[in-house]
Amino acid sequence: MFTDKAQPGHRARMTPPSVLNLSAYLMYATGKAARRTLSEKLTARGLRLWHLTVLTLVADLGPQPKGVLAARLDMNASDLARIVKDLADAGQVECVRSPTDRRRVDVRITPRGRAALDHLNADIASADDDLLTPLSDAEREQLASLLRRVHTHHEEQGPASGSG
């Protein structure tokens, strides 16, 4: 029976049992826990999730113009400019003229940025371990595979219309 009163020696249950059958709720709640865990790891290094996202994107795809980065991340250009400035101030990215179009300025990762990303990847693996403690290695891979499929589907669909 669900009760809002904690029994002595027991942790109060915060989730109404009926919502445990709602996948959208479970993804939301688990995502919230994942974000909190990852944010703690990033904050310890003076970073936020957007810093990691921009750094990873530039590492994965190579130098990118700020406008392209903002569009890829569905992010406001001025917010992206602040994130890039933070990363540049830390020596993790640099803004350089494009070798193919001298009018364009690209954001590219530096050796210091690659080293920082290596450390961040270790932090992320630790956050994953913390979050996924109850799952076996096979279950973790299955979950990751399913989440990638759902993510890819929604990424291909683009932003939801009529939401908000």
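The values are calculated or read from the model by the stated rules, or taken from the named source; none is laboratory data. Predicted model, so just to flag it, every value in this text is computed and none were measured. A quick note on method: Cβ atoms are made from the backbone with ideal geometry, for glycine too, and the neighbour counts reach across all protein chains shown. Note: accessible area is taken over every heavy atom of the protein model, side chains too, but ligands, DNA and RNA are not part of it. Shrake-Rupley method; radii C 1.70, N 1.55, O 1.52, S 1.80 Å.
The reciprocal of the average 1/r between distinct C-alpha atoms defines the Kirkwood hydrodynamic radius, which for segment 19-114 equals 14.7 Å. Near Gly113, within a Cβ-to-Cβ distance under 13 Å, what is the net charge of the other residues, with Lys and Arg +1 and Asp and Glu -1? For residues surrounding Gly113, the net value is -1.
Remark on Val93: its backbone amide H falls under 5 Å from those of Ala88, Thr110, a criterion applied only to residues 5 or more positions apart or on other chains, H modelled at 1.01 Å from N. Measuring between their Cα centroids, segment 104-164 and segment 52-68 lie 14 Å from each other. Checking every one of the trypsin sites (Lys or Arg not before Pro) in segment 64-164 against DSSP loop status and a limit of 13 other Cβ atoms within 10 Å picks out Arg102, Arg103.
If I stretch the segment between Met27 and Asp128 completely, what's the gain in nm (0.36 nm per residue apart, minus their alpha carbon distance), one decimal?
Details: separation 101, 0.36 × 101 = 36.36 nm, distance 1.50 nm.
Contour length minus the Cα-Cα distance gives 34.9 nm.
Rounded to a whole number, what % of the accessible area of segment 32-164 do carbon and sulfur atoms account for, probe 1.4 Å? Reported share for carbon and sulfur atoms: 51 percent.
Among residues other than Val84 whose Cβ falls under 14 Å from its Cβ, what is the net charge (Lys/Arg +1, Asp/Glu -1)? Around Val84, the surrounding residues sum to +1.
Sort segment 72-164 into rounded, prolate or oblate with this rule: let a ≥ b ≥ c be the square roots of the eigenvalues of the Cα gyration tensor; rounded if a/c is under 1.5, and if a/c is not under 1.5, prolate when a/b is larger than b/c, oblate otherwise. Could the numbers behind the result be given before it?
Working: a/c = 2.50, a/b = 1.41, b/c = 1.78.
Judged from the Cα gyration tensor, segment 72-164 comes out oblate (a/c at least 1.5, b/c at or above a/b).
Using the Stokes-Einstein relation with a Kirkwood hydrodynamic radius computed over Cα pairs, the translational diffusion coefficient of the chain at 20 °C and a viscosity of 1.002 mPa s comes to 114 µm²/s.
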